[in-house]
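The values are calculated or read from the model by the stated rules, or taken from the named source; none is laboratory data. All values derive from a computational prediction rather than experimental measurement. A quick note on method: Cβ atoms are made from the backbone with ideal geometry, for glycine too, and the neighbour counts reach across all protein chains shown.
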Protein chains: 2
Amino acid sequence: MNITIVGATGAVGIELIKLLGLRKFPLSSLTLLASERSAGRRLDTPVGKVEIKAFDSKYFENQDIVFFATSGEHALEYAPKAVEAGAVVIDNSSAFRLDPNVPLVVPEVNPQAVKQHKGIIANPNCSTIQMVVALYPLHQYSKIKRIIVSTYQAVSGAGQDAIQELNQQLHDHIHDKEIKVKAFTKQIAFNVIPHIDVFQDNGYTKEEMKMVNETWKIFDDSSIKITANCVRVPVIRAHSEAINIETENKITESKARELLSKVDSIKVVDERVNAGYPTPIDASEKMDTYVGRIREDISCDNGLSLWVVADQLWKGAALNAIQIAELLNTEHFRKNH
Amino acid sequence: MNITIVGATGAVGIELIKLLGLRKFPLSSLTLLASERSAGRRLDTPVGKVEIKAFDSKYFENQDIVFFATSGEHALEYAPKAVEAGAVVIDNSSAFRLDPNVPLVVPEVNPQAVKQHKGIIANPNCSTIQMVVALYPLHQYSKIKRIIVSTYQAVSGAGQDAIQELNQQLHDHIHDKEIKVKAFTKQIAFNVIPHIDVFQDNGYTKEEMKMVNETWKIFDDSSIKITANCVRVPVIRAHSEAINIETENKITESKARELLSKVDSIKVVDERVNAGYPTPIDASEKMDTYVGRIREDISCDNGLSLWVVADQLWKGAALNAIQIAELLNTEHFRKNH
C-alpha cells in the first residue's frame, strides 16, 4: 500500500513510522510530510531512508491511506482533500471523532464500524482507547451502567514540547535554576495538573468529555453514565487510569480476570504482592493494554475497580491507527480505490 | 506546656518542630527523641537549639503532651508508657486509630471527640484528613451516601528515604546511570505506583481501607459507602485527590462553593481557566486544604466531583497533630495532669 504520514516528526508521527515496521505493514511506498522547518531531513523507515517533504496536498495523489497526526484544525482543512484524491484518511485528531458520518474505531471493540467509512476514519482519544479496550470484555458479559475514571496521563500526550519541558524543569531543579512554565499551565516536574484540554461549560474539561462522548460512540450506547477526572502527571510515557464501574449483573473478581485474560491484546498483571501490578514504565513501548488491581468495589452492588495502563502513543494513538489500517487491508473490509 | 516529640528527625517530626513555632504553641520545654544514630545532633527549635536524645521512656516524666511520629509498632509499645507517666499522647501512626477507646480527631470535623480520650489521641492517615476536611461541610448540608476517591500521593508520605530515592533516581536518569529501586516496589521517577501500604484480603491496600474505616470513625457514620484507589506519584510534597460523591439531596456547584468557602481552613481555588485550580506545588508548606474543579457529576443524580490538595506532612500529619494539642490546651478541653 502507498502510505502517507502527515505530521511525521511529531510525537505520534514518529511512532507511526516505527510501528509500520514492527507490525510488518505491507508498504509499497511511504511519504512523510511535515512543516517546512523539518523538510529535507531524512528519517529511517521500514522502507529505508525517506526524506521529509514540506506539507502539500499534492502528495495525496495515488495514496491508499493517509495518516493525519496533526492538529484538529489542520485535519479539518486537509483530510477532505486527501479523500478527494482517493485516499482513506485515518485521523488522530479530535476533529471528526463525533461526526456521525465518520466511524470512530477501536479494532478490539467495533471493527465493523470501519465498513461505514466515507473516506475518513477517526482514531479515538488516547485515554478513551485504553479504557474501552479494558472495559469492553466486561461490558459484553454484563452491561456497564456507570463508569467513574480518574486518569494519570503522561506528558508525551501533550507532544514533544511537553516532554522537553518536563526534562528541562527537572534539569533546572537539580541545578537550582529558575523553573520556567510554557507547555503546561503550571510546573509539571514534581507536580500534577488536573487540567487537560479546554474547559467546557459544565466544568469538565474537553479531555474529560471526550472520555464520555467517545465511549458512548464506540460502545454505541449513550445510556452508560460516565464521569472522568483527567490529570497530567510527570510521567514521560503511558497513561494510567483508576476505574470504578457498576454493571447490571454481578461480575466477580475471578470472572473479570477470566474475561480480560482471554483478550489477546490485554495483559492482566494482578498479583496482590509488591510490584504485582502494571505501571507506566512497564507499559511503555508495549502494544498491550495492561490491567491490574482488579477487585470488587465495596462501595456498591455489582461494582468493580481496576487499574488500566497502556502506552498512549502506541495503543492510545499510533498503534490503534495502524490496526485500523490493517482492518482496511483485509479482504473483508477492503475498498477498491 | 512540656512537649516531647518521639521521632524528631523523621519527615513528620521535622515538621512538628517547625509548626510548633509557626503556630506559636505555648512551650515550656521541648524534648526531642530519636534513634541512637541521631542522638547528640542539635536542632533549631522555637525554644532555641535542642540536643536530640536517644529514645528512652524515662523522658516521658513531667510531660504534658508526647507526639509520636514513629512506626505503629513503636507507638504500640511505648505510647502506653507515656500515658502511665501522665502525658497525653498524640500518635501519628495507624496503631490506635481504629481502637474504640482512642479518639481519632480532625479538629475541623470532630473536635468534641478529644474529650473522650483516655490518654491517647490518634491522628488520622494523611489522605483521610484532607478528604474529610473538604467533605465535612458538604456532608453537614446533605448526608453523603457514597464516596469514590482516587489519590495522587507525594513520596514524602513514605518518609525521608522515599524523597531521597526519587531525587536519586532523577539524578541517575539524567546522568544515564542505572536506576535503583529500594524504598518503593518499582521505579517512582517518571512513574506512578498503584500500591500504598500492604494488600488486604479484599484486594484493597491498607491505605485504601484506612480511607474507608477512618472516614467512618471521624464522621461517626459507617453507612457511607466508600471506595478508594491510592496511587503514589513522583511529587515531593502534598497529596491530591479526585473525589466523586453522591449526596442524599442535591448540592449545586454554587452551593458547594459557598459551603466550602465559609470554612477558615479551606481555600477554594476554582476558576475554569488555565491554572485556575490547586496543584501540589501550590499547597506545599501551606496550612489550608485546597479545593478546586468543583462540578456537578454528570454520571449520577446528586453527584459532585472535586479536586482536593493539601500538604500531607502539615494538614495530613504534623499540623493536624498540633491542632489536636491546641484543643487540649484550651480551657474547655483541658485535663488536669
Residue list for the stretch A:230-240, restricted to those being closer than 15 Å to A:GLN130 by Cα and surrounded by 24 or more Cβ atoms within 10 Å (Cβ to Cβ): A:CYS230, A:ALA238, A:HIS239, A:SER240
Would you mention how many residues in the stretch A:226-241 are within 7 Å of chain B (Cβ to nearest Cβ) and of a type in the set (A, V, I, L, M, F, W, C)? 5
Every pair of residues 6+ apart whose Cβ atoms lie under 9 Å, when the first sits in the stretch B:167-190 and is in the same structural domain as B:ALA154 (by TED's automatic domain parsing) and closer than 19 Å to B:ARG237 by Cα while the second is among the basic types (Lys, Arg) and buried (at least 16 other Cβ atoms within 10 Å of the Cβ): B:PHE184/B:ARG232; B:ILE188/B:ARG232; B:PHE190/A:ARG237
Mind listing whichever residues of the stretch B:299-317 are crowded, with 23+ Cβ neighbours inside 10 Å and among the hydroxyl-bearing types (Ser, Thr, Tyr)? B:SER305
With the requirement that a residue be within 7 Å of chain A (Cβ to nearest Cβ), more than 18 Å from A:THR205 (Cβ to Cβ) and not aliphatic (A, V, I, L, M), what does the stretch B:277-295 give you? B:PRO280
Quick check on the stretch B:214-221. Is at least one of its residues under 19 Å from A:SER150 (Cβ atoms) and not basic (Lys, Arg)? yes
In the stretch B:141-158, residue farthest from B:VAL12 (Cα to Cα) [restricted to those that are buried (at least 24 other Cβ atoms within 10 Å of the Cβ) and away from every other protein chain (no Cβ under 11 Å)]: B:ILE144
Out of B:VAL198, B:VAL192, I need the residue that is more than 19 Å from the chain's Cα centre (by Cα), over 14 Å from A:ASP297 (Cα atoms) and aliphatic (A, V, I, L, M). Which one? B:VAL192
Given (1) of a type outside the set (Ser, Thr, Tyr); (2) closer than 19 Å to B:PRO124 by Cβ; (3) modelled with pLDDT under 95, identify the lone condition not met by B:ARG334. (2)
Residue in the stretch A:126-140 that is in a loop (DSSP other than H, G, I, E, B), away from chain B (no Cβ under 14 Å), among the hydroxyl-bearing types (Ser, Thr, Tyr) and closer than 23 Å to A:LYS255 by Cα present: no
What do you reckon, is B:VAL109 within 30 Å of A:ARG146 (Cβ to Cβ), touching a residue at least 60 places away in the same chain (Cβ under 8 Å) and under 12 Å from the mean Cα position of the chain (by Cα)? no
Only residues that are part of a strand (DSSP E or B) and of a type in the set (Val, Ile, Thr): list them for the stretch A:86-108, please. A:VAL88, A:VAL89, A:ILE90
Apart from one, (1) small (Gly, Ala, Ser); (2) over 22 Å from B:PRO100 (Cβ atoms); (3) more than 11 Å from chain A (Cβ to nearest Cβ) all hold for B:SER223; the odd one out is (2)
Matching residues, the stretch B:270-298, being surrounded by fewer than 22 Cβ atoms within 10 Å (Cβ to Cβ) and either among the small types (Gly, Ala, Ser) or free of Cβ contacts under 8 Å to residues at least 24 places away in the same chain (or both): B:GLU271, B:ARG272, B:VAL273, B:ASN274, B:ALA275, B:GLY276, B:SER284, B:ILE298
Check whether at least one residue in the stretch A:296-319 is facing another protein chain (nearest Cβ under 9 Å) and among the charged types (D, E, K, R), and report yes or no. yes
Among strands (runs of 3 or more DSSP E) entirely inside the stretch A:1-85, those with 3 or more residues being surrounded by fewer than 17 Cβ atoms within 10 Å (Cβ to Cβ) are A:48-51
Tell me the residue from A:LYS267, A:LYS210, A:LYS250 that is buried (at least 22 other Cβ atoms within 10 Å of the Cβ) and more than 10 Å from every other protein chain (Cβ to nearest Cβ), please. A:LYS210
Being touching a Leu at 6+ places or on another chain (Cβ under 9 Å) and more than 24 Å from B:ILE163 (Cβ to Cβ) is the requirement here; does B:LEU32 meet it? no
